[in-house]
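Data first, discussion second: the structure below is written as structure tokens.
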Amino acid sequence: MSRRGFVVAVPLAGVLASSMVAAGSAPALPAAAVPREPATDAEIFGLLTTIHAILLETAQTGRRSATDRRVQALADSVAGHARAGQRRAAALGRRTGLRAIHGDADAGLRFEARRGLAGLPGPGREFDRAWLDGQIEALMLAIGRLNNEMRPHAHVEALRDELTAVVEQAAGDLAQAQALRAALAERTS
């Protein structure tokens, strides 16, 4: 994994460990090593709001520093989806009475995203490639967190529906980012 990108190794390890334990293919882990499931919908809601904030922050960085118009357009799209997600989350909170609880997982996601942003090169082709690589990682990790760790444990139906909507938007952004990365690679070959 690249340190330039938005690597969130701890959550990824949790996703991998969860799938291995569920599949029964790995030996039993010590109790302290088994990832805990989210305790409440408020914690899930907190992680969702953090994911929106991180995707918005990374997209704004891409928009400001990208030199390729297609990369800027993707950054605009991701930012638009993150802003729309923030508005939907605020409405969901008002409608359901959910209040976001933020904890160590949120802080870890923010720390890793900011560290990845700080490691990006200056504006130019290298920035465009590095930003795309980081955005692809961030979207993949967000989808994994939403699908594997959050949605199965959400009790409020409206929260599960919102998690599904965010996954669908992130999957669309991911497909665009992967296609754009391939196009940029072809241009330099």
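The values are calculated or read from the model by the stated rules, or taken from the named source; none is laboratory data. This one's a predicted model, so the numbers in the text were calculated from it and none came from an experiment. Methodologically, a virtual Cβ is constructed for each residue, glycine included, from the backbone with ideal geometry; neighbour enumeration extends over all protein chains shown. Surface accessibility is based on the protein's heavy atoms, side chains included, excluding ligands, DNA and RNA. Shrake-Rupley method; radii C 1.70, N 1.55, O 1.52, S 1.80 Å.
Once the other residues with Cβ under 12 Å from the Cβ of T49 are scored (Lys, Arg +1; Asp, Glu -1), what is the net sum?
Details: positive: R87, R88, R99, R110; negative: E43, D106, E162.
For residues surrounding T49, the net value is +1.
Converting phi to 3J(HN,Hα) with the Karplus coefficients 6.51, -1.76 and 1.60 and the offset θ = phi - 60°, segment 70-80 yields 5, 5, 4, 5, 5, 4, 4, 5, 4, 4, x Hz in sequence order, with x at every glycine or proline.
For segment 45-189, the per residue solvent-accessible surface stands at 47 Å², with DNA, RNA and ligands left out and a 1.4 Å probe.
Net length available on complete extension from D161 to A90 is 24.1 nm, with 0.36 nm assigned per residue and the Cα-Cα distance removed. When a 1.4 Å probe is rolled over the protein heavy atoms, the share of accessible surface on segment 118-184 that falls to carbon and sulfur comes to 54 percent.
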